[in-house]
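The values are calculated or read from the model by the stated rules, or taken from the named source; none is laboratory data. Note that the structure is predicted; figures quoted are calculated from it, not measured. A quick note on method: Cβ atoms are made from the backbone with ideal geometry, for glycine too, and the neighbour counts reach across all protein chains shown.
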Amino acid sequence: MSKLGFVGAGAVGAAAALASCVRSVADDIVLVDRYPARSKGVATDLRYGAPLSPAVTVRAGEFDDLSGAGLVVISAGINEKTGGATDRNDPLGRLRLLRTNVEIFEDIVPKIAAVAPKAVLLVVTNPPEPLVDVTCRFAGHNRVLSTSTMLDTLRFRVHIAERFGVSPQSVEGYVISEHGTNSVFCWSSVRIGGRPLEHLVAERRIGFDEFRASVERDVRYANISIIEGIGASQYGIGMVVARVAECILRDERAVLPVGSYQPSYGVTLSLPSIVGKHGVHDVLWPELSEEEQAGVDASAKRLKSVVAEYSAAEAAA
């Protein structure tokens, strides 16, 4: 029997729990929230639709009810709208949410680790990469990963596919490094049906610079556009969480662009990774152009600086 826990039953947690029910990711799904009425409401609502999925139990609970979970998803914290991170011109973007969400994680992560010491922890809360670093510290282990650029990667494939009139499943390509407006797009390795994108662009006489700028703009600001429309970006990330959870609880060892701590950089980065029952089993570094490698280096430097700034402020407090 597989058990999946969620800490945070807001918009993202609820969407992820729904997607997990539909995909039959686990037999037992437990929702924990700082507001018990919210987790109870979400669990009750899902419970009434659960008979349409393969056998699954959905319930609200407390931290003690996470005992025995193979995976705990953490989506608690303030989102971009609440935290004021929806300015397209703000260079910090989601990183602006770090300090507030670290304080929340400082409270909840030790509680999770105490009752589910063997569980893998999946960070969904923004900013996901720095929060993996602090979660490892609070949990006392490294079985921690984040959804990071998996959603960015899907958006990348969708927008390329749309422009070429093909299915997104036929597009190979990754967005890496960090989730959000500072992501690194691996244009040099994009393939459609196995053919390099640069060849297809040349054949169709498409101006690559304009094409690239258009796709990157749509992907980088997708989250903000969604928030402007419905108040929260929840459904796409909910489906991503369910897929990552599936890989972990079923030990699929699928390759997904997720975030984990990278010793060579001293910070968490999102990279194509083999995901299984222990979280990230290995990282498959992609071949990068000089420009892409420079983007990863700059991203790592920025993330490390933000984490160091928070750590310094914490030490002084």
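Quick look at the values:
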| read-out | value |
| --- | --- |
| Qualifying position, being assigned to a loop (DSSP other than H, G, I, E, B) and modelled with pLDDT of 90 or more, among S24, S39 | S24 |
| Entirely in region 201-317, the helices (runs of 4 or more DSSP H) that have 2 or more residues that are surrounded by fewer than 16 Cβ atoms within 10 Å (Cβ to Cβ) and free of Cβ contacts under 8 Å to residues at least 60 places away in the same chain | 208-220, 222-230, 290-316 |
| Pick from region 1-41, criterion among the hydroxyl-bearing types (S, T, Y) and closer than 17 Å to C247 by Cα, ranking: nearest to the chain's Cα centre (by Cα) | S20 |
| Test: residue in region 282-298 that is within 30 Å of V56 (Cα to Cα) and β-branched (V, I, T) | no |
| First in region 55-73 and over 20 Å from C247 (Cβ atoms), second anywhere and buried (at least 24 other Cβ atoms within 10 Å of the Cβ) and among the polar types (S, T, N, Q), Cβ under 8 Å, 6 or more apart | A60/S39; G61/S39 |
| The lone exception for F208 - which of (1) over 26 Å from A26 (Cβ atoms); (2) in contact with a Ser or Thr (Cβ under 8 Å, 6 or more places away or on another chain); (3) of a type in the set (A, V, I, L, M, F, W, C) it fails | (2) |
| The lone exception for L145 - which of (1) at pLDDT 95 or above; (2) over 19 Å from V267 (Cβ atoms) it fails | (2) |
| Matching residues in region 33-52 - criterion: being among the small types (G, A, S) and more than 16 Å from K3 (Cα to Cα) | A37, S39, G41, G49 |
| For R99: the one exception among (1) touching a Phe, Trp or Tyr at 6+ places or on another chain (Cβ under 8 Å); (2) farther than 17 Å from V255 by Cα; (3) modelled with pLDDT of 95 or more | (3) |
| Subset tally (residues that are surrounded by fewer than 16 Cβ atoms within 10 Å (Cβ to Cβ), within 20 Å of G10 (Cβ to Cβ) and not aromatic (F, W, Y)) for region 33-55 | 6 |
| Complete set of residues in region 158-179 that are within 18 Å of E203 (Cβ to Cβ) and among the hydrophobic types (A, V, I, L, M, F, W, C) | I160, A161, F164, V166, V171 |
| Sole residue being touching a Ser or Thr at 6+ places or on another chain (Cβ under 6 Å) and either without any contact (Cβ under 8 Å) to a residue 12 or more places away in the chain or small (G, A, S) (or both), chosen from S2, S24 | S24 |
| Per-region count, region 18-32, residues hydroxyl-bearing (S, T, Y) and buried (at least 21 other Cβ atoms within 10 Å of the Cβ) | 1 |
| Close pairs (9 angstrom Cβ cut-off, 6 or more residues apart or separate chains): crowded, with 23+ Cβ neighbours inside 10 Å in region 132-144, assigned to a loop (DSSP other than H, G, I, E, B) anywhere | V132/S148 |
